[in-house]
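Novice: Below is a structure I'd like to ask you about.
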Amino acid sequence: MRGLSGAFLSCFKISRGYYCRRSYGVLTGQQYSSSGSKQCDGRLYPSHIPTSSVQKAVLALGSGVAALTNPYRHDMVAVLGETTGHQALNKLRDRMRNDSEGYTILIERPRIRLSTLDLTRMSALPDGTLGREYLSFLEENRVTPDSRADVKFVDNEELAYVMQRYREVHDLLHTLLNMPTNMLGEVVVKLFEAAQTGLPMCVLGATLGPLRLSVSRLQLLVQSLGPWALRNGGHARCVLSIFYERRWEQNLDELRHELNIEPPPVNLIPSSKNTSSNS
């Protein structure tokens, strides 16, 4: 076990020391070239950390244990997702390619960052629009899209972008599903993501997350919110194929209808923020 821990720490030392501090060009639509390769030699994109199958297995095991011990270790959750999600990312990429809007996203590779959001314009939008409700979610929960880590361990630049896009739309999913950021809300979102993406880390979180819930909340999850999340995650249009940056003015209920997402059976957010009542 000591050897396994040592190998895991060794891999993470590599991830820290071997990190390339150039802008993440692949995720902004700029293909990484060999120029300046002294700093990023052998990488498929600037943040890429090449790893062998054995190293990925060690990273997956170590990050999985750490994430189970503390689900709020987002860095460990990120590593787990990157080292176990290759097949699921391939399927997500194919779904995006087969969707006209998703294909445009893969070509243009937009980023959801504070630097790319027009916060003044979004704050002036009417209540009930995607942009206004998303901004309200960020403000009320004191979260920022900039907290999403850059992808490092995915050995394909296009799949790396798909993973990055998944991370950056997570808070938008909270807005679309009308779910808070407490443990119950996170588990419901993970159930939706598990059915929607098939990513192993989502399946793991959706399976083990309920163990941290109180009896009353677990009952609510099992009897109501859980089946709703799985059903909607399986039937909804691919949420990565929506160019949210071009839809801030769209009514949130209209977008939910377009995505085939039903209103949640239980409202976990105060009624003043429940936009589905405004339809």
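None of the figures in this text is laboratory data; all of them are computed from the coordinates on show. Quick caveat, the model's predicted, so the values are computed rather than measured. Counting neighbours? That spans all protein chains shown, and the Cβs are built from the backbone with ideal geometry, glycine included.
Novice: Rounded if a/c is under 1.5, else prolate if a/b is larger than b/c, else oblate: which is segment 175-263, with a ≥ b ≥ c the root eigenvalues of its Cα gyration tensor?
Specialist: Since a/c reaches 1.5 and a/b is larger than b/c, the shape of segment 175-263 is classed as prolate.
Novice: Provide the FRET efficiency to the nearest 0.05 for the Ser53-Asp127 pair, computing r from the beta carbons and using R0 = 45 Å.
Specialist: Numbers: r = 50 Å, r/R0 = 1.11.
According to the calculation, E is roughly 0.35.
Novice: Moving to a separate point now. Size of the dipole of segment 180-246 about the Cα centre, Lys and Arg at +1 and Asp and Glu at -1 on the beta carbon, nothing else charged, in debye to 20?
Specialist: Here the size comes out at about 100 debye.
Novice: Apply the Karplus parameterisation 6.51 cos²θ - 1.76 cosθ + 1.60, with θ equal to phi minus 60°, to every residue of segment 187-201 and state each ³J(HN,Hα) to the nearest whole Hz, in sequence, with x for glycine and proline.
Specialist: 5, 4, 5, 5, 4, 4, 5, 4, 5, 7, 9, x, 5, x, 5
Novice: In addition: If packing is taken as the mean number of other Cβ atoms within 10 Å per residue, what is the order of 110-117, 159-166, 56-63, highest first?
Specialist: By packing density, highest mean first, the sequence is 159-166, 56-63, 110-117.
Novice: Still on this model: In whole Å, what three semi-axes, largest first, describe the equivalent ellipsoid of segment 54-193 built from its Cα gyration tensor (square root of 5 times each eigenvalue)?
Specialist: Details: eigenvalues 140, 81, 35 Å².
Semi-axes (√(5λ), whole Å): 26, 20, 13.
Novice: Rounded, prolate or oblate, given the Cα gyration tensor of segment 150-197, with a/c below 1.5 counting as rounded? Please report the intermediate quantities before stating the final value.
Specialist: Working: a/c = 2.56, a/b = 2.36, b/c = 1.09.
Since a/c reaches 1.5 and a/b is larger than b/c, the shape of segment 150-197 is classed as prolate.
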